[in-house]
Amino acid sequence: MTSGLLAVIDMQRVFAEPDSPWAAPRYAEAAAGVRRLLPAFADRVTFTRFVAPARPVGAWRAYYAQWPFALQPPDAPLWRLTDDFADRAPHTMDATTFGKWTPELATRVGPGNRLVLAGVSTDCCVLSTALAAADAGVETLVVSDACAGADDDSHARALEMMELYGPLIRIVTVDQLTGS
């Protein structure tokens, strides 16, 4: 069994459905990597969901002016985990921010433990979560083949950027992490 907590970032319909403005083109490949990781972490998994705030404030007002379709309540269909994860997510955490390094996630990771990240999008929510966790002194592993970006170039650039934070952040593959 692999050590640490697996945080599966935002494997939601809004990022999976091809006609969504926020679709991650390689969502299916990332989902396959996540499915391979789940058994190695057993009950040490947290799924996150990006959801819109009831009322955007500050710079978020301009963001949602650009993306008005997303101003829907947390129970709206677009925010649901995709069907392949909905029944495999015993612990789910919602956040109205890109980064998911919240007090709740920090508590789930625990002091001196490891955070393993997978999900979407590599160049937004995964990146934001990894940087904040690293700043908090948490060993952070990003599973490259269990993540997907807005496009292939953005995915690759985000991974390259996170590698610059080594050894706080390390980029690994599913096989490297699980010994498969």
**Local electrostatic count, Asp10, Cβ distance below 9 Å [Lys/Arg +1, Asp/Glu -1]** = +2
**Asked** By the gyration tensor of its Cα atoms, with a ≥ b ≥ c the square roots of the eigenvalues, what is the shape of the stretch 30-69: rounded for a/c under 1.5, prolate for a/b over b/c, or oblate?
**Response** prolate
**Message:** At 0.36 nm per residue, and after removing the present C-alpha to C-alpha distance, how many nm does the segment from Asp152 to Asp94 gain when stretched out fully?
**Reply:** 18.2 nm
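Just from its helices, what would the mean residue ellipticity at 222 nm be for the chain, if runs of 4 or more DSSP H residues each count -39500 (n - 2.57) and the sum is divided by every residue, rounded to the nearest 500 deg cm²/dmol?
My calculation for the chain gives -9500 deg cm²/dmol from helical runs alone.
Quick check: from the Cα gyration tensor, does the stretch 87-146 come out rounded (a/c under 1.5), prolate or oblate?
Details: a/c = 1.28, a/b = 1.07, b/c = 1.19.
Since a/c stays below 1.5, the shape of the stretch 87-146 is classed as rounded.
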**Asked** What shape does the stretch 31-166 take by its C-alpha gyration tensor, where a ≥ b ≥ c are the square roots of the eigenvalues and a/c under 1.5 counts as rounded, a/b above b/c as prolate, and the rest as oblate?
**Response** rounded
**Complete:** Ranking Ala158, Ala16, Leu5 by how far each Cα lies towards the positive end of the charge dipole of the chain (+1 on Lys and Arg Cβ, -1 on Asp and Glu Cβ), the top one is Leu5
**Request:** Calculate what fraction, in whole %, of the accessible area of the stretch 33-91 sits on carbon and sulfur atoms when a 1.4 Å probe is rolled over the protein chains.
**Result:** 58
**Prompt:** With the dipole of the chain worked out from charges on the C-beta (+1 for Lys and Arg, -1 for Asp and Glu) around the Cα centre, which of Pro103, His91, Tyr64 lies farthest toward the positive end?
**Reply:** Pro103
**Request:** For Ala28 paired with Trp67, estimate the spin-label separation in nm (one decimal), with each label point 7 Å from Cα along the Cα-to-Cβ line.
**Result:** 2.3
**Asked** Efficiency by 1/(1 + (r/R0)^6): what FRET value for Asp83 and Leu164, r their Cβ-Cβ distance, R0 = 35 Å, to the nearest 0.05?
**Response** 0.45
**Complete:** For the stretch 29-120, the per residue accessible area (1.4 Å probe, Å²) is 50
**Asked** For helix 152-163, what angle does its Cα long axis make with the longest principal axis of the chain, in degrees from 0 to 90 and rounded to 10?
**Response** 50
**Request:** Determine the dipole magnitude for the chain: charges of +1 sit on the beta-carbon of Lys and Arg, -1 on that of Asp and Glu, nothing else is charged, the reference point is the Cα centre, and the result goes in debye to the nearest 20.
**Result:** 460
**Complete:** Each label sits 7 Å from Cα toward the beta-carbon; between Ala76 and Thr107 the label points are separated, in nm, by 2.8
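The values are calculated or read from the model by the stated rules, or taken from the named source; none is laboratory data. As the structure is a computational prediction, the values presented were derived from the model and not from experiment. A quick note on method: Cβ atoms are made from the backbone with ideal geometry, for glycine too, and the neighbour counts reach across all protein chains shown. Just so you know, the surface numbers come from the protein's heavy atoms only, side chains and all, with ligands and any DNA or RNA stripped out. Shrake-Rupley method; radii C 1.70, N 1.55, O 1.52, S 1.80 Å.
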